[in-house]
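Read the structure below first, then the notes.
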Amino acid sequence: MRKASVTVPASTANLGPGFDCLALALSLRNTVELYEASQGLEIDVEGEGEDRIALDSTNLIARAAEAVFERVGRRPAGLRVHAVNGIPVGSGLGSSSAAIVGGLAAANALVDGRLTRDDLLRLATGIEGHPDNVSAALFGGLTLASASGEELLVKSLSVPPLKVVIALPDLRLSTAEARAALPAQVPLKDAVFNIGRALFTVQALTQVDYDLLRFAMADRLHQPYRRSLIPGFDAVVMAARKAGAAAVALSGAGPALVAFAPDRYWDIANAMQAAFAAAGLASRTFVLPVDRQGVQVQVSVTG
Ligand code: HSE
């Protein structure tokens, strides 16, 4: 029997102005192991979200694997999935994208790598519904994505080894809820504001220019509509800035917030945690380097 083992990184999407277009891969990983089996589907999950994750055919890893088998017209008689999650679930750190990319990459390894990374990217974007987190999970680094209908363009830029601070409040907020808070249309001046700021956010991150990032990482397309979903949002942003953060953004659809700074990471993390506590929310904090590798795959033969 063959086994494919994959590790896949977390990601923080949007980066302020780059709604559905920008993401940064982070060094916090899930492991997905797929084993060929003689029949059925068996799934077990350890670590983050182990009590919340579906263990049947609706499981994202299983759905992603099935999408690969369907595409290549070949599937093992049965499948065993073993997932070890380091990425908090429903956090704004790309856990669903990691599951999807993990399932796709592992299944593709079991069918001898018949699909290209671009094929996997398209399948992943289709399952996730938008390309930002899945691009970072696949390619690592800072990813730029542009999707419209069938058109999909993704580019991964390498970034110097910067670190980010994450503050994750103990709050259930699904991406679907956070997307439902968004308006169907936005004023032209807000769209133009975000285009400009997104361009300079890319420049600031690739050059690690925190003064520029302070200016650039501002947003009028999603954060103004989402911040009321997260108690203490404004206070946490202010606390992070006061402790030394150059810029703070909602991480993906939240509820985590991400702060960018040249140093004083744990001072910033502690200040964010204290501000969440003052708003009545417990939180976990992380200081995470950028991941520059994306998904990593290994295949082995067992038994
Ligand atoms: N760009 C997405 C959003 C990321 O903000 O809704 C979350 O999956």
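Every number in this text was worked out from the coordinates using simple rules, so none of it is lab data. Since this is a predicted model, take the numbers as computed values, not measurements. Here the Cβ is made from the backbone with ideal geometry for all residues, glycine too, and neighbour counts use every protein chain on show.
Some observations on this one:
- Helical content of the chain, expressed as a calculated mean residue ellipticity at 222 nm, amounts to -11000 deg cm²/dmol (DSSP H runs of 4 or more residues, -39,500 (n - 2.57) each, divided by residue number, nearest 500).
- At most 11 other Cβ within 10 Å, DSSP loop - GluC sites (Glu not before Pro), region 92-155: 150
- Only Cα pairs under 8 Å and 6+ residues apart enter the sum, and on that basis the relative contact order of the chain stands at 26 percent.
- Rounded to the nearest 20 debye, the dipole magnitude of the chain is 440 debye, with +1 charges on Lys and Arg beta carbons, -1 on Asp and Glu beta carbons, and the Cα centre as origin.
- Signed unit charges on C-beta, dipole axis of region 215-290, positive-most listed residue 228, 251, 289: 228
- Reciprocal of mean inverse Cα separation for the chain (Kirkwood radius, Å): 19.4 Å
- For the chain, excluding the exposed loop sites themselves (trypsin sites (Lys or Arg not before Pro), DSSP loop, at most 11 other Cβ atoms within 10 Å), the longest remaining stretch covers 173-303.
- Along the axis of the charge dipole computed for region 110-208 (Cβ charges of +1 for Lys and Arg, -1 for Asp and Glu, origin at the Cα centre), the listed residues 148, 187, 173 are led at the positive end by 187.
- Unit charges on C-beta of K, R, D, E only; dipole of region 185-282, Debye: 220 debye
- Computed over region 126-197: relative contact order in percent, which uses C-alpha pairs under 8 Å that are six or more apart: 17 percent
- For region 2-80, the relative contact order is 31 percent, taking Cα pairs closer than 8 Å that sit 6 or more residues apart in sequence and dividing their mean separation by the residue count.
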